[in-house]
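Novice: The structure under discussion is supplied below as structure tokens; questions concerning it will follow.
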2 protein chains.
Amino acid sequence: MLSKTQQEQFLAKAQKLAPQLKYRTVDADAVITPVKDKSVWQDYRMKKGDLAGFLKDNDFANGSSFIVSMPETVVGQAAFSVDFCKGYADSPSRIQITIGELPQEVVNADMPYNGTLNGSWLQKEIINIDDLPCDVILPRRYSGKYIRFDMLNVPGSLKFSNIRFITCGAEDFMPPPPEHLPELLKKIDQASIRTLRNCMQLSFEDGPKRDRRLWLGDLRLQAMVNKVTYRRFDIVARCLYLFAGTLLDDGEVCGCVMERPAPRRGCHTHDYAMLFPIVLKEHCSWSGDLAIGEELFDLACHQMKLMERFFTDGLFTGVNDPWTSWFFVDHDLELDRQAAMQGHAVAAYRALAELAAMLGKHEQQTKFAAKADTLAAVAREKLYDPVSGVVVSGKERQISYASQIWMIISGVLTPEEGRKALLAVENTPAALRPSSPYMFHYLLEAWDICGDEKHLLELLTDYYGSMINNGADTFWEVYRPDEPFFSPYNDVRMNSACHAWSGTAAYFLRKGN
Amino acid sequence: MLSKTQQEQFLAKAQKLAPQLKYRTVDADAVITPVKDKSVWQDYRMKKGDLAGFLKDNDFANGSSFIVSMPETVVGQAAFSVDFCKGYADSPSRIQITIGELPQEVVNADMPYNGTLNGSWLQKEIINIDDLPCDVILPRRYSGKYIRFDMLNVPGSLKFSNIRFITCGAEDFMPPPPEHLPELLKKIDQASIRTLRNCMQLSFEDGPKRDRRLWLGDLRLQAMVNKVTYRRFDIVARCLYLFAGTLLDDGEVCGCVMERPAPRRGCHTHDYAMLFPIVLKEHCSWSGDLAIGEELFDLACHQMKLMERFFTDGLFTGVNDPWTSWFFVDHDLELDRQAAMQGHAVAAYRALAELAAMLGKHEQQTKFAAKADTLAAVAREKLYDPVSGVVVSGKERQISYASQIWMIISGVLTPEEGRKALLAVENTPAALRPSSPYMFHYLLEAWDICGDEKHLLELLTDYYGSMINNGADTFWEVYRPDEPFFSPYNDVRMNSACHAWSGTAAYFLRKGN
């Protein structure tokens, strides 16, 4: 297990790899009139008007408000110029500023909040400006497409101009969409890349509005899109070092790392810990950087050593262990996680074996390949029904997409078996379907592994495409097409509309390039 | 009249004279339990408790709040350290912070505000802290003795420590009280000096909470206390240059100057314009700096040239002139200002004559002395009733303290006549009494000129002393002993509790030293 000193050395490496952030100025491009319209996603159509004319013709006294939009969802600091109208400003200006990714956040900015997460995530500031005229750059970072201004206590009436975002991120451009793609897929590609770009700050954040953390599960997905777009392998390496430097007491990599004010470990998330060997192997393979593989190989191995306690005779039995905290897999409490976790373990051992091979550690290669084979064989024996061709999980022999998917990802099922299994659950109404976009990614990956381009494209078009049709230009943390107001947090304004785990479409649209 | 270029040169001189501000850290010294008590000024007794123990024993979750007090009323930035309690802070901390000079401002921080001045003067901030632990230094400047913290949206519960003010001002110390004074007068002396210290920033502000402006009327009073305490004549000079650099279109010095973002003129306040020669003369006399007298002499003369339009045959008749805006004198709309303005003019011409003498301008000296004599003679003829020994004003021959006072200040009445006049109005129930502390200062000055030490001390003890007994450690903008909730702004929270024009007691307690 890594000593504290070794961990600190990894944190020092992470610090050295901190990317220089790049900044752009993006001007607001329209004044918005929200129009209530039940036919529109979340009930509001954001009607655009000429912003320059609006700001020229209007000034704003106490109680007045207005909303502007940005040309795209951006991350950074909202900024604007403000001046008084007549005479002079005899007193400070108290203004409320609300930034929203989606219309509900700004249209209903002042509705009571009773959600389950801390309301401070809602992007609202009340500022006091002592002297006018003034150019205001709000000090905090936000994610949004809309800015709402409410005059709380202003002297006389105010004029606004130069409303903008000063965006920040590790990259400041967008690779254009592949030309051969049809229009909708081009939009999906761009929304996917914009999601990555907006999340790619000093590390890969899960969402720039909330929770702004480095999650290992999201990192794997971001690394995939990064590979086919920005190729900022330095930031992937930085993230791996951050995990290596913030271990839990037993040496497990934590589910997420908070970077500020100093890198700090989050909680146990055992499925993510099993992704660590996979992310490390993929990173070494894609970046060609074997040194980090050598450095972190033992740590990756240690993860699987720690996981052994969840297995009995090669079968995952950890779900019932009360002292283990979290097998995430998907946002679905009903999901039996046995098969999925078995799949995680097989995939992790395979990754260790491949990494060992890359590093010339042939003894280890053999050992981990054998481990994977053993667990795969047990999986086929205990969790796969060769007659129905479907993977089952747990004592109730539950059928879910998640179970099929992870048996495909891990190679326990052949691509052809996998495809049959997926087609079978497609026709099993009782089968548990993916709940979060995180699991939808793995469904894309599973269709891809199975070589079923048709289903892959259907899923891209139906699920991701319908977000686009509902106004998305970045992909959403939560998306249930039939439940526009669904929120895991009991308030739709809390949902993140730019979320790493939803943004992998571009990987599938570009990986063959 | 001064050209724009000359004005800019004066502003450049003012800029060079900007004092280096001095900073102190003043720790909060008690936790406060507000106790409703109708026998106490403005209904709240602020019960003090041990702050260190309170902060050690308590942490604060959503909806909780607490109030701390400072050992004295201070001006500067509120600051504190904050940390989370258990686990880690998973989200930003949204905290409301209210700073108050007097109890009502913090006890009733969230009561609706319907006052006549812009509510943004109420010292309230809602801040969002992204990362904990954090030491927060609020960016704006406040004036206060109390800080209230309200947890709006915080992760779990928070611990506070190191609650303090980082004070700022041109001076950072307090001259101790003259040892010979009795206890109450010592307290009055110190509150008076603290008021000056807190208002003495880059210029002499009227009040550090509100309006934070350089008013010519307040400047004269501050210069008087400054003479017997800090002797920062550089700042008085700076203020004179600021007025000289921000003239109204006709060349009149404006009533007030706002310094930020760039020096800017306020409105016509003709009685203050007539104070300009007086302040300039007193400054030259007290500081020994005749150069500034030479520089600004013509401007001072020009003020009185401009005032000629308000006089007919040597008598002030300007009140009825509709195009003139403001003869302030006192916060009292019923006050007939004729006699007071006549007094201002005589005093101003006398000051010009004295200044001319100091500068060796004998021709001017003679001219202005003659002017003063003429106006004084007219005043005695038209406005003074030698039988009753009382000054009257206007067509209604109104009797007021203000009229007596200004005839005394200007020397139209001899000290003995003045004393009789004041004693006479004391026994005239219908006489208009001073309304604002500004006029109470001039009453102090009038008693002083008349050599009536007994009345001077009575006024100090009764009026200023009763503020002390009601909890003041700086003197208040507004004080009506029988109307605790009186506010010119329709909300007592808007009143300033540290206000320049109320702070001259120390001048009278120290001038003989």
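Novice: Please determine whether any residue of segment A:237-254 is under 21 Å from residue A:173 (Cα atoms), crowded, with 21+ Cβ neighbours inside 10 Å and either without any contact (Cβ under 8 Å) to a residue 12 or more places away in the chain or under 15 Å from the mean Cα position of the chain (by Cα) (or both).
Specialist: no
Novice: Within the set of pairs 6+ apart or on separate chains, which have a first residue in segment B:255-266 that is over 15 Å from residue B:204 (Cβ atoms) and facing chain A (nearest Cβ under 8 Å), a second that is among the polar types (S, T, N, Q) and buried (at least 21 other Cβ atoms within 10 Å of the Cβ), and C-beta atoms under 9 Å apart?
Specialist: If the second residue must be among the polar types (S, T, N, Q) and buried (at least 21 other Cβ atoms within 10 Å of the Cβ), the pairs left are B:264/B:246.
Novice: What number of residues within segment A:91-148 are within 11 Å of chain B (Cβ to nearest Cβ) and hydroxyl-bearing (Ser, Thr, Tyr)? Step through it out loud before you land on a result.
Specialist: Applying the first criterion (within 11 Å of chain B (Cβ to nearest Cβ)) to segment A:91-148 yields A:91-96, A:113, A:115, A:117-135, A:138-142.
If we keep only those that are hydroxyl-bearing (Ser, Thr, Tyr) as well, we get A:91, A:93, A:113, A:120, A:142.
Adding up the residues that qualify gives 5.
Novice: Ok, one more. Report whether or not residue B:346 is part of a helix (DSSP H, G or I) and at pLDDT below 95. It would help to see each step written out before you state the result.
Specialist: On the way: part of a helix (DSSP H, G or I): yes; at pLDDT below 95: no.
Criteria not met by residue B:346.
Novice: Further, regarding this structure: Find the residue count for segment B:171-212, including only residues that are within 15 Å of residue B:468 (Cβ to Cβ), surrounded by 24 or more Cβ atoms within 10 Å (Cβ to Cβ) and of a type in the set (D, E, K, R). It would help to see each step written out before you state the result.
Specialist: Applying the first criterion (within 15 Å of residue B:468 (Cβ to Cβ)) to segment B:171-212 yields B:177, B:181-195.
Now drop any that are not surrounded by 24 or more Cβ atoms within 10 Å (Cβ to Cβ), which leaves B:188-189, B:191-193, B:195.
Subset that is of a type in the set (D, E, K, R): B:189.
Going through segment B:171-212 one residue at a time, the tally reaches 1.
Novice: Looking at residue A:508 and the list (1) out of contact with any Asp or Glu (no Cβ under 8 Å at 6 or more places or on another chain); (2) assigned to a helix (DSSP H, G or I); (3) surrounded by 24 or more Cβ atoms within 10 Å (Cβ to Cβ), which single condition is not satisfied?
Specialist: All conditions pass for residue A:508, except number (1).
Novice: Hey, among the residues in segment A:40-88 that are basic (Lys, Arg) and more than 30 Å from the chain's Cα centre (by Cα), which one's modelled with the highest pLDDT?
Specialist: A:56
Novice: Okay, moving on. Identify the single condition in (1) in contact with a strand residue (DSSP E or B) (Cβ under 8 Å, 6 or more places away or on another chain); (2) surrounded by fewer than 23 Cβ atoms within 10 Å (Cβ to Cβ); (3) of a type in the set (A, V, I, L, M) that residue A:147 does not satisfy, given that it satisfies every other one.
Specialist: It fails just one condition, (2).
Novice: Quick one: how many residues across segment A:2-27 are in contact with a Leu (Cβ under 6 Å, 6 or more places away or on another chain) and within 21 Å of residue A:137 (Cβ to Cβ)?
Specialist: 0
Novice: Continuing with this model, one more query. Assuming residue A:68 fulfils every condition listed in (1) surrounded by 24 or more Cβ atoms within 10 Å (Cβ to Cβ); (2) away from chain B (no Cβ under 12 Å); (3) under 16 Å from residue A:155 (Cβ atoms) apart from one, which condition is it?
Specialist: The one condition residue A:68 does not meet is (3).
Novice: Modelled with pLDDT of 95 or more and surrounded by fewer than 24 Cβ atoms within 10 Å (Cβ to Cβ): which single residue out of A:274, A:224, A:258 fits that description?
Specialist: Details: A:274 fails: surrounded by fewer than 24 Cβ atoms within 10 Å (Cβ to Cβ); A:258 fails: modelled with pLDDT of 95 or more.
Going through A:274, A:224, A:258 in turn, just one is modelled with pLDDT of 95 or more and surrounded by fewer than 24 Cβ atoms within 10 Å (Cβ to Cβ): A:224.
Novice: For segment A:382-469, list the helices (runs of 4 or more DSSP H) that sit wholly inside it and hold at least 2 residues that are within 21 Å of residue A:347 (Cα to Cα) and among the hydroxyl-bearing types (Ser, Thr, Tyr); which are they?
Specialist: On the way: elements: A:401-409, A:415-426, A:437-449, A:453-459, A:465-469.
Because the criterion is at least 2 residues that are within 21 Å of residue A:347 (Cα to Cα) and among the hydroxyl-bearing types (Ser, Thr, Tyr), the helices (runs of 4 or more DSSP H) in segment A:382-469 that meet it are A:401-409, A:437-449.
Novice: Continuing with this model, one more query. Across segment A:350-363, which residue is surrounded by the fewest Cβ atoms within 10 Å (Cβ to Cβ) among those that are more than 33 Å from the chain's Cα centre (by Cα) and part of a helix (DSSP H, G or I)?
Specialist: Filtering first and then ranking leaves A:363.
Novice: Somewhere in segment A:47-58, is a residue touching a Lys or Arg at 6+ places or on another chain (Cβ under 6 Å) and surrounded by 13 or more Cβ atoms within 10 Å (Cβ to Cβ)? Explain how you work it out, then say what you get.
Specialist: Step one: list which residues in segment A:47-58 are touching a Lys or Arg at 6+ places or on another chain (Cβ under 6 Å), which gives none.
Checked segment A:47-58: no residue is touching a Lys or Arg at 6+ places or on another chain (Cβ under 6 Å) and surrounded by 13 or more Cβ atoms within 10 Å (Cβ to Cβ).
Quick grid of which residues meet (1) among the basic types (Lys, Arg); (2) within 14 Å of chain B (Cβ to nearest Cβ); (3) outside any helix (DSSP H, G or I):
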{"site": "A:155", "(1), (2), (3)": "no, yes, yes"}
{"site": "A:159", "(1), (2), (3)": "yes, no, yes"}
{"site": "A:164", "(1), (2), (3)": "yes, no, yes"}
{"site": "A:173", "(1), (2), (3)": "no, no, yes"}
{"site": "A:186", "(1), (2), (3)": "yes, no, no"}
{"site": "A:198", "(1), (2), (3)": "no, no, no"}
{"site": "A:207", "(1), (2), (3)": "no, yes, yes"}
{"site": "A:218", "(1), (2), (3)": "no, no, no"}
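Novice: Is there any pair with a first residue in segment B:166-195 that is over 18 Å from residue B:71 (Cα atoms) and touching a residue at least 60 places away in the same chain (Cβ under 8 Å) and a second that is hydrophobic (A, V, I, L, M, F, W, C) and in a helix (DSSP H, G or I) whose Cβ atoms are under 7 Å apart and which are 6 or more apart or on different chains, and what are they?
Specialist: B:170/B:235; B:178/B:509; B:181/B:509; B:184/B:468; B:185/B:460; B:185/B:509
Novice: Condition first: of a type in the set (A, V, I, L, M, F, W, C), closer than 25 Å to residue A:47 by Cβ and more than 18 Å from the chain's Cα centre (by Cα). Can you find one or more residues in segment A:180-189 that meet it?
Specialist: The answer is yes, given that some residue of segment A:180-189 is of a type in the set (A, V, I, L, M, F, W, C), closer than 25 Å to residue A:47 by Cβ and more than 18 Å from the chain's Cα centre (by Cα).
Novice: In segment A:352-370, what count of residues is obtained for those that are under 20 Å from residue A:307 (Cβ atoms), in contact with a Lys or Arg (Cβ under 9 Å, 6 or more places away or on another chain) and of a type outside the set (Asp, Glu)?
Specialist: Matching residues across segment A:352-370 total 6.
Novice: Which of the numbered conditions does residue A:285 fail, given that it passes all the others? Conditions: (1) away from chain B (no Cβ under 14 Å); (2) within 24 Å of the chain's Cα centre (by Cα); (3) buried (at least 19 other Cβ atoms within 10 Å of the Cβ).
Specialist: (3) is the only condition that residue A:285 fails.
The values are calculated or read from the model by the stated rules, or taken from the named source; none is laboratory data. All of these numbers come straight from a predicted model, not from anything done at the bench. Here Cβ is always computed from backbone atoms with ideal geometry, including for glycine, and neighbour counts include all displayed protein chains.
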